[in-house]
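The values are calculated or read from the model by the stated rules, or taken from the named source; none is laboratory data. Computed from a predicted model, the values in this text were never measured in an experiment. All Cβ positions, glycine included, derive from the backbone under ideal geometry; neighbour counts span all protein chains shown.
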Amino acid sequence: MDYKYRKFAVEILYEVNNNKGYSNILLEEYMKKMPNIRDRNLLNITVNGVIENKIFLDWIIKELSTTKFSKISKRILEILRIGIYQIEFLDNINPKTVVYESVEEAKAERKKYLTRFVNGILRNYLRNREKINVKLGKLENEEYLSIKYSFPISFIQKLKKEFPYKDIILILKSLNRKPKFTIRVNSTLITRNELIKILEEKKIKIEETKFSSLGINVLNSDFVNIKDLYDQGLFSIQGESSMIAVELLNPKPGSKILDMCSAPGGKGLYSAELMNNTGEVDCRDIYINKINTINNQIKRLKLDNADTKVEDATKFNVENLGKYDYCIVDVPCSNSGIIMKKPEIKYKTN
């Protein structure tokens, strides 16, 4: 295993936590540089795991460090978060290996005291791991839930107003669960069985989605490994719940559909596929960069029945009246429902 993935993980997390980078976009960019799927998977697991557990990891660092938390170098902080996460959650990596690789990564800072600092914190954690977890268990309910599951206390308090304690734990656990890698077959170009056959020839394990007739769960691969099929327009990445919403809409061939707040276009373009390139799907969004994203997807999927236009959904447009058979409106919200896909969102919830 090439532990360059650790350097990439540090760089991604630094961007996410300091420059408002998006983990999913950065992961895709860095994974293209990694030929080994095991290293790509480890990078993906590590980055998402650290983000999902950031409050918990930072609490541990504060417990162990004599240096004030705000004074710790930003890159050294990411090295520590990664190291503690891997020791705590990844049983397939030897803790001694984690310490060694973390110290080696700290050497890039060219300051010996920082290397000693990383070594000391991680070894201290290995010695006192059980005591720290006991201390965590003694915290008050709100603080315990916030640290244990890494959600802001304000989010915990919001849940407390609506749910009993046992349900809050289930909600927090579910939001931290790793989502399935689900793809949607472009039925205008290929059938699900045909795509499954191609995937199996690539030695990729799959399962059909439970409810959607055009969904496939990819079990042992990542996006990079099947990007060639994506580029051909044979599938899109979409969660099964989003697919079901469109299948319940069940647009008839030849229908006219208005998709407001459309970007990145998943539901609207699935509607276009279900109508087998007939009818008309008008995808609208407020920003030109989002419209450009949808246009790229229309081209990739080889759709002739979808079009785009910049439009503000909060402004009444009389031209839309009586023109459409269906309207899709997936409005911007708190985004708490997609925390599994983009874990950094949890720290922005109010």
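Descriptive notes on the structure:
- Hey, Phe235 crowded, with 16+ Cβ neighbours inside 10 Å, within 25 Å of Asn41 (Cβ to Cβ), touching a Lys or Arg at 6+ places or on another chain (Cβ under 8 Å) and not charged (D, E, K, R) or not: yes
- Flag for Lys148 being in contact with a Phe, Trp or Tyr (Cβ under 7 Å, 6 or more places away or on another chain) and charged (D, E, K, R): yes
- Segments classed as helices (runs of 4 or more DSSP H), wholly inside segment 201-289, with at least 1 members that are within 17 Å of Leu189 (Cα to Cα) and under 21 Å from the mean Cα position of the chain (by Cα): 227-231, 266-274
- Selected residue (criterion: farthest from Ser65 (Cα to Cα)) from residues of segment 137-157 that are crowded, with 16+ Cβ neighbours inside 10 Å and in contact (Cβ under 8 Å) with a residue 24 or more places away in the chain: Phe155
- All of Asn186, Asn133 fail the test of being surrounded by fewer than 18 Cβ atoms within 10 Å (Cβ to Cβ) and either modelled with pLDDT of 95 or more or within 30 Å of Lys346 (Cα to Cα) (or both), apart from Asn133.
- Residue within segment 242-265 that is among the acidic types (Asp, Glu) and crowded, with 21+ Cβ neighbours inside 10 Å present: yes
- Residue within segment 67-82 that is under 28 Å from Asn225 (Cβ atoms) and touching a Lys or Arg at 6+ places or on another chain (Cβ under 9 Å) present: yes
- Remark: Ile121 falls outside the filter, which requires a residue to be crowded, with 16+ Cβ neighbours inside 10 Å, in contact (Cβ under 8 Å) with a residue 24 or more places away in the chain, within 25 Å of Lys178 (Cβ to Cβ) and in contact with a helix residue (DSSP H, G or I) (Cβ under 8 Å, 6 or more places away or on another chain).
- Selection from segment 304-331 of residues that are more than 34 Å from the chain's Cα centre (by Cα) and not β-branched (Val, Ile, Thr): Asn317, Glu319, Asn320, Leu321, Gly322, Lys323
- Residue selected from segment 84-101 under the condition assigned to a helix (DSSP H, G or I) and of a type in the set (S, T, N, Q), by the criterion surrounded by the most Cβ atoms within 10 Å (Cβ to Cβ): Gln86
- Residues in segment 125-182 that are among the small types (Gly, Ala, Ser) and outside any helix (DSSP H, G or I): Ser150 only.
- Pairing each residue of segment 304-318 that is exposed (fewer than 15 other Cβ atoms within 10 Å of the Cβ) with any residue that is part of a loop (DSSP other than H, G, I, E, B), provided the two are 6+ apart or on different chains, yields C-beta distances under 8 Å for Asp304/Asn277; Val310/Ile286; Val310/Tyr287; Asp312/Ile286; Asn317/Glu311.
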